[in-house]
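Colleague: Okay, here's the structure, questions in a sec.
Read-outs: derived from the displayed coordinates by stated rules, not from any lab. Since the structure is predicted, the reported quantities are computational estimates derived from the model, not experimental observations. All Cβ positions, glycine included, derive from the backbone under ideal geometry; neighbour counts span all protein chains shown.
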């Protein structure tokens, strides 16, 4: 079960990275004025680090897995923004492993 959850989390994180890349390269009109491309790059970097931890199977304790990205999305982004939902889902999946 844990292995399945880890694979599902890896897929969600890869989706988040891909969605961030698209938003960075193509821009995201819904995010204009809310968050910079540089900040999106930081999010991408964080998810890449998480992906590395998962591939090495070196997860920190659950209490140290909160990335803070979901908090920013919930507090500052428009509701029901697809990218936001993807990022929140990826972070929650990682935290719950």
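Colleague: Quick check: the angle from helix 37-56's long axis to the longest principal axis of the chain, C-alpha only, nearest 10 degrees?
Modeller: 10
Colleague: Please identify, among 30, 19, 70, the residue showing maximal mean-square fluctuation in a Gaussian network model of the chain using a 10 angstrom Cα cutoff.
Modeller: With Cα springs under 10 Å in the chain, the top fluctuation among 30, 19, 70 is at 30.
Colleague: Where does the chain land at 222 nm, in deg cm²/dmol rounded to the nearest 500, when only DSSP H runs of n ≥ 4 count, each adding -39500 (n - 2.57), divided by all residues?
Modeller: Result for the chain: -23500 deg cm²/dmol, rounded to the nearest 500.
Colleague: Calculate, in nm to one decimal, what residue 55 and residue 42 gain on full extension: separation in residues at 0.36 nm each, minus their alpha carbon distance.
Modeller: 2.7 nm
Colleague: Can you give the extra length, in nm with one decimal, that the chain gains between residue 34 and residue 2 once fully stretched, where that is 0.36 nm per residue apart less the Cα-Cα distance?
Modeller: Length gained, residue 34 through residue 2: 7.9 nm.
Colleague: The list [x] 0.97; [y] 1.07; [z] 1.28 gives values of Rg/Rh (Cα atoms, Kirkwood Rh), and only one came from this structure; which label was calculated from it?
Modeller: Structure-derived value, by its label: [x].
Colleague: Something else about it: Can you tell me which of 20-27, 51-58, 88-95 comes out highest on packing, and rank the rest after it, using the mean Cβ neighbours within 10 Å?
Modeller: Sorting 20-27, 51-58, 88-95 by mean packing, highest first, produces 88-95, 20-27, 51-58.
Colleague: 7 Å from Cα along Cα→Cβ at both residue 80 and residue 97: what's the point-to-point distance in nm?
Modeller: Simple spin-label model gives 3.2 nm for this pair.
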